[in-house]
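Student: Next up is a structure, given as structure tokens.
The values are calculated or read from the model by the stated rules, or taken from the named source; none is laboratory data. None of the values given here were measured: they were computed from a predicted structure. Backbone-built Cβ (ideal geometry, glycine too); neighbour counts: all protein chains shown. Ligands, DNA and RNA are stripped out before the accessible areas are found, and what is left, the full protein with its side chains, is counted by its heavy atoms. Shrake-Rupley method; radii C 1.70, N 1.55, O 1.52, S 1.80 Å.
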Amino acid sequence: MPTAKNSRKDGTLAERAYRLLKKGILRGELPEGSFLVESEILAHYAIGRTPFREACNRLHNEQLLEVVPRRGYLVPELSFRGVRDLLETRVLIESMAAELAAHRAQPEQMDELDRHYASVLRAAKNKDVDALIEANQEFHLQIARMTHNRELEVLLRGLLERFSRLVYLAASNAKQAPRDIETLMKPIAEAIRKRNASAAQKAVVADITQGQLNVLGREFWDMSARTAATTPGVEKNK
């Protein structure tokens, strides 16, 4: 039977494996459409078999890996429909969260949102992509916390985790990130502080939309909107 000390050590090793594999997936070091070769992963990341499998199970639960019987763990490709579904769901969930936050946020929570905004801007100016992604996620999670609705926070956390690959691409490709952040994210914080629910909702939608236009392009966004509006029956049957 494992001792408490060993359990803590195993937990730390599994957490390290999880963070390394997750970063590898998000950064594209582990390419979409490829299977994880256990022996290569263990050697490359210097992790053990048990932590590797625990990390893979966790990433599978977060939908960052798929399990294929008799083949192993697959890094799934981001399909058109998958990206579209994530975009639509995030717009719906986060726009609702922004409206509620404008009504329910406490003053100290607004101050915390401002601090997260400052962190995002600082990371962008320093061109620190990893810090930018983490700070951006915390900014949007703070909006969910300000709703005082735990279900919304859980839903948004899951969406942001699955959205991370697109955020990484957007952050990596954005040439005017600091200006975009000031133009798009600052209005969210200002609208919530002013208790303007409508403005907060519109600002969040603008931020999400522009962020994905930066990486996916106008054609993808427009195609997504047309598909959702004109062929719902076809999509359901796929």
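Student: I need the calculated FRET efficiency for the pair His44 and Leu78, taking r as the beta carbon distance and R₀ as 22 Å, to the nearest 0.05.
Tutor: It comes to 0.40.
Student: Could you sort Thr209, Thr89 by accessible area so the largest value comes first, with the probe set to 1.4 Å?
Tutor: Thr89, Thr209
Student: Is the shape of the stretch 15-76 rounded, prolate or oblate, going by the alpha carbon gyration tensor and its root eigenvalues a ≥ b ≥ c, with a/c under 1.5 for rounded and a/b larger than b/c for prolate?
Tutor: Rounded shape, in that the Cα axes give a/c under 1.5.
Student: Okay, moving on. What FRET efficiency comes out for Lys125 versus Arg70 if R0 is 41 angstrom and r is the Cβ-Cβ distance? Round to the nearest 0.05.
Tutor: 0.25
Student: Next question. Round to the nearest 10 and report in Å² the accessible area of Asp130, as given by a 1.4 Å probe over the protein chains' heavy atoms.
Tutor: 60 Å²
Student: Using a 1.4 angstrom probe with every protein chain in place, what is the largest-first accessible-area order of Arg27, Arg150?
Tutor: Arg150, Arg27
Student: Okay, moving on. Run the numbers for His103 and Arg179: contour at 0.36 nm per residue of separation, minus the present Cα-Cα distance, in nm.
Tutor: Working: separation 76, 0.36 × 76 = 27.36 nm, distance 2.80 nm.
The His103-Arg179 span can extend by a further 24.6 nm.
Student: Residue separation times 0.36 nm, minus the C-alpha to C-alpha distance between Arg195 and Thr209: what's the value?
Tutor: 2.8 nm
Student: Might you tell me the accessible area per residue for the stretch 93-147, computed with a 1.4 Å probe and given in Å²? It would help to have the intermediate numbers written out before the result.
Tutor: On the way: 2430 Å² over 55 residues.
Per-residue accessible area for the stretch 93-147 comes out at 44 Å².
Student: Run the 1.4 Å probe and let me know the accessible area of Tyr73, rounded to the nearest 10 Å².
Tutor: 50 Å²
Student: Further question on the same structure: Apply 1/(1 + (r/R0)^6) to the Cβ-Cβ distance of Asp111 and His60, taking R0 = 35 Å, and write down the FRET efficiency to the nearest 0.05. Show your work: numbers first, answer last.
Tutor: Working: r = 38 Å, r/R0 = 1.08.
Plugging the Cβ-Cβ distance into 1/(1 + (r/R0)^6) gives 0.40.
Student: Rounded to a whole number of µm²/s, how large is the Stokes-Einstein D of the stretch 81-167 at 4 °C and 1.567 mPa s, given Rh as the Kirkwood radius over C-alpha pairs?
Tutor: 97 µm²/s
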